[in-house]
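Below is one structure, written out as structure tokens; the observations come after it.
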Amino acid sequence: MHLVCKLPIKTTEEKDFNRQVVSGVHIMQELDQTVTIGATVPTGFEHTAAEEVQEKLEATARVSKNRGRIYFDITTDKLFKVHQLKSLDNLFVVVKDYDDYQFKTTKEEVQLDWQELATKLPWTNALEVWKLNNSIKKKKGRRKRTNPTKSDQCGNFSTKSTDTVPSDPEELLVDLEALEVKENQRDVSSQPEDDSEEEKHSEIQDQESGVTPLKFRVTCNRAGEKHCFTSNDAARDFGGAVQEFFQWKADMTKFDVEVLLNIHNNEVVVGIALTVESLHRRNITHFGPTTLRSTLAYGMLRLCKPQVSDVIVDPMCGTGAIPLEGVMEWQNSFFLAGDNNGTAVSRSVNNIKHIVKRTHDEGSPSGLPLDIVQWDLCNLPMRSSSVDIIITDMPFGKRMGSKKKNWELYPLCLREMARVCKPGTGKAVLLTQDKKCFLKALLQMEGLWRKSHTVWVNVGGLHAGVFVLKRTAVVFGTTSEDVMEPHTATGSQKENMKDASQ
């Protein structure tokens, strides 16, 4: 069940934004008109994303049965604010959702169902939102489309086409007007011969008017074992029905409209994509081999609940994804980040320069409450008990370092983190896929750290954990866990840490 969000009166900026929308097909101008927006989010951070939606849009989000998706209702004048949310990867407007869709038992029957479904769906409002969304993307500048990946869980319907496509929304009005005519004529039956003649007549009219039909593709994401069809089957059959209904042209890469068909067991959601590439591509320009997604970094930061004047440290910052997300959202906290690898530090510095330049160009004050340092993780240049929050992406032992090296590295990390973190109030949020090694190290440090909870996430196909720890009230240096010199590492241990961070 979706909840309608009543939002405040438009600001001058929002009114100017709506004036960009082309008039002619009753574009959504009423303040109380609501639409359902779907969003993909980092798996495991669905509730964190829902909290951000509630906080910034005053809308209640529903977490999908299929992990990694949320849905929420907004008024269309707030669409541009949705693009500014930090937790969301990809956006789409929901055409129609079915909680318990009854699939047929044979492929032939399912194919007929897809054909019938395409003609019954309420496309008009969703296409108007798509058109409204284009004005946002046009304002930001057209981005290059990325090629889709092929897998059994993601099918696409398309055919090659090399025609150029008009980007001006005025040239697309004909398609929406044609849509309205089609929807008004759904109950009118006609012979196949008549349909063919109508198609020919429509093509002739398009050629005479100089209007190029829209290009589209259908992408299917399917999960469930009780289906008699694959993702590719569904994308192909539903895509064929959409093409026949709208008389659009199919194109895999140079599409204007991407129709989404999300299937999870008996839950079916049909939508239209509002993003061409993920919204997580926002702060990082200099990438490393294991750069963390900005949306995942933001989710980790929300678990910390940063407060004003908090000192937040990322001791293994890599390219700086976590501190950059933090400094853009929590500007009243101070962020300190570092790495023992010079190349990683250089990448972080370049990413910071990019953000500073961007904010300066946008008219914001220059400078960020953030410092980057090259340091030795086992000998951090900070006083004991001086840090409020430690947050970092630890080496998984896959692409960087090794699981064998992690057995030495993790205890040293936790010990030094405990030294600089404030007893009783300090927190740590640590991401790792090497769960066995981490939990063993945590057991060794049980006098200094207590595990609050764990958020299980998917990182590049790897099942990883975000461990939220609380610093005990024990003063560092008074327990058996820190009998060894806490911030002195052997030569081999330092080499292991260097390998892990490269």
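Just to be sure I understand, how many residues within the stretch 210-267 are over 22 Å from the mean Cα position of the chain (by Cα), charged (D, E, K, R) and not in a loop (DSSP other than H, G, I, E, B)?
6
Which of the residues that make up the stretch 113-130 are exposed (fewer than 14 other Cβ atoms within 10 Å of the Cβ) and part of a helix (DSSP H, G or I)?
Going through the stretch 113-130, the residues exposed (fewer than 14 other Cβ atoms within 10 Å of the Cβ) turn out to be 116, 120, 122.
Matches in the stretch 113-130: GLU116, LYS120.
Given the structure, is CYS220 farther than 30 Å from MET316 by Cα, open to solvent by 10 Å² or more (accessible area, probe 1.4 Å) and touching a residue at least 60 places away in the same chain (Cβ under 8 Å)? Step through it out loud before you land on a result.
Values: farther than 30 Å from MET316 by Cα: yes; open to solvent by 10 Å² or more (accessible area, probe 1.4 Å): no; touching a residue at least 60 places away in the same chain (Cβ under 8 Å): yes.
So CYS220 does not fit the description; no.
From the set of residues in the stretch 286-315 that are surrounded by fewer than 24 Cβ atoms within 10 Å (Cβ to Cβ) and over 22 Å from the mean Cα position of the chain (by Cα), which is nearest to CYS421 (Cα to Cα)?
VAL311
Is the stretch 61-68 home to any residue that is open to solvent by less than 40 Å² (accessible area, probe 1.4 Å), touching a helix residue (DSSP H, G or I) at 6+ places or on another chain (Cβ under 9 Å) and modelled with pLDDT of 95 or more?
We begin by selecting, within the stretch 61-68, every residue open to solvent by less than 40 Å² (accessible area, probe 1.4 Å); these are 61, 64, 66, 68.
If we keep only those that are touching a helix residue (DSSP H, G or I) at 6+ places or on another chain (Cβ under 9 Å) too, we end up with 61, 64, 68.
Filter again for modelled with pLDDT of 95 or more, leaving 61.
Yes, the stretch 61-68 contains a residue that is open to solvent by less than 40 Å² (accessible area, probe 1.4 Å), touching a helix residue (DSSP H, G or I) at 6+ places or on another chain (Cβ under 9 Å) and modelled with pLDDT of 95 or more.
Of (1) more than 21 Å from the chain's Cα centre (by Cα); (2) small (Gly, Ala, Ser); (3) not in a strand (DSSP E or B), ALA337 satisfies all except one. Which?
Among (1) more than 21 Å from the chain's Cα centre (by Cα); (2) small (Gly, Ala, Ser); (3) not in a strand (DSSP E or B), ALA337 violates only (3).
Tell me, yes or no, whether the stretch 224-241 has at least one residue that is in contact with an Asp or Glu (Cβ under 9 Å, 6 or more places away or on another chain), open to solvent by 30 Å² or more (accessible area, probe 1.4 Å) and within 30 Å of ALA321 (Cα to Cα).
No, the stretch 224-241 has no match at all.
Criterion first (touching a Ser or Thr at 6+ places or on another chain (Cβ under 6 Å), open to solvent by less than 60 Å² (accessible area, probe 1.4 Å) and either modelled with pLDDT under 95 or closer than 24 Å to GLY224 by Cα (or both)) does HIS2 satisfy it? Before you say what the answer is, go through the steps one by one.
Numbers: touching a Ser or Thr at 6+ places or on another chain (Cβ under 6 Å): yes; open to solvent by less than 60 Å² (accessible area, probe 1.4 Å): yes; either modelled with pLDDT under 95 or closer than 24 Å to GLY224 by Cα (or both): yes.
Judged against the criteria, HIS2 is a match.
So which of TYR71, TYR98 ends up being of a type outside the set (Val, Ile, Thr) and either open to solvent by 30 Å² or more (accessible area, probe 1.4 Å) or touching a helix residue (DSSP H, G or I) at 6+ places or on another chain (Cβ under 6 Å) (or both)?
Going through TYR71, TYR98 in turn, just one is of a type outside the set (Val, Ile, Thr) and either open to solvent by 30 Å² or more (accessible area, probe 1.4 Å) or touching a helix residue (DSSP H, G or I) at 6+ places or on another chain (Cβ under 6 Å) (or both): TYR98.
Determine, yes or no, whether LYS15 is farther than 30 Å from ARG293 by Cα, at pLDDT 50 or above and surrounded by fewer than 21 Cβ atoms within 10 Å (Cβ to Cβ). Give the derivation first.
Numbers: farther than 30 Å from ARG293 by Cα: yes; at pLDDT 50 or above: no; surrounded by fewer than 21 Cβ atoms within 10 Å (Cβ to Cβ): yes.
Against the criterion (farther than 30 Å from ARG293 by Cα, at pLDDT 50 or above and surrounded by fewer than 21 Cβ atoms within 10 Å (Cβ to Cβ)), LYS15 does not qualify.
Regarding the stretch 406-421, can at least one residue be identified that is out of contact with any Gly (no Cβ under 6 Å at 6 or more places or on another chain), in contact (Cβ under 8 Å) with a residue 40 or more places away in the chain and open to solvent by 20 Å² or more (accessible area, probe 1.4 Å)? Lay out the reasoning, then the answer.
Initial filter on the stretch 406-421 (out of contact with any Gly (no Cβ under 6 Å at 6 or more places or on another chain)): 407-421.
Adding the requirement that they be in contact (Cβ under 8 Å) with a residue 40 or more places away in the chain leaves 408-409, 412-413, 415-421.
So of that shortlist, the ones also open to solvent by 20 Å² or more (accessible area, probe 1.4 Å) come out as 408.
Looking for residues that are out of contact with any Gly (no Cβ under 6 Å at 6 or more places or on another chain), in contact (Cβ under 8 Å) with a residue 40 or more places away in the chain and open to solvent by 20 Å² or more (accessible area, probe 1.4 Å), one finds at least one in the stretch 406-421, hence yes.
Residue by residue through the stretch 70-81, note down the ones that are at pLDDT 95 or above and either under 17 Å from the mean Cα position of the chain (by Cα) or assigned to a loop (DSSP other than H, G, I, E, B) (or both).
Passing the criteria: ILE70, TYR71, PHE72.
Kindly check whether there is at least one residue in the stretch 292-307 that is β-branched (Val, Ile, Thr), in contact with a helix residue (DSSP H, G or I) (Cβ under 7 Å, 6 or more places away or on another chain) and not in a loop (DSSP other than H, G, I, E, B). Outline the logic, then answer.
To start, the set of residues in the stretch 292-307 that are β-branched (Val, Ile, Thr) comprises 295.
Those left that are additionally in contact with a helix residue (DSSP H, G or I) (Cβ under 7 Å, 6 or more places away or on another chain): none.
No; the residues of the stretch 292-307 include none that is β-branched (Val, Ile, Thr), in contact with a helix residue (DSSP H, G or I) (Cβ under 7 Å, 6 or more places away or on another chain) and not in a loop (DSSP other than H, G, I, E, B).
The values are calculated or read from the model by the stated rules, or taken from the named source; none is laboratory data. The structure displayed is predicted, hence computed values, not measured ones. Note that we place each Cβ from the backbone using ideal geometry, even for glycine, and neighbour counts take in every protein chain shown. Just the protein is used for accessible areas: all its heavy atoms, side chains included, with ligands, DNA and RNA removed. Shrake-Rupley method; radii C 1.70, N 1.55, O 1.52, S 1.80 Å.
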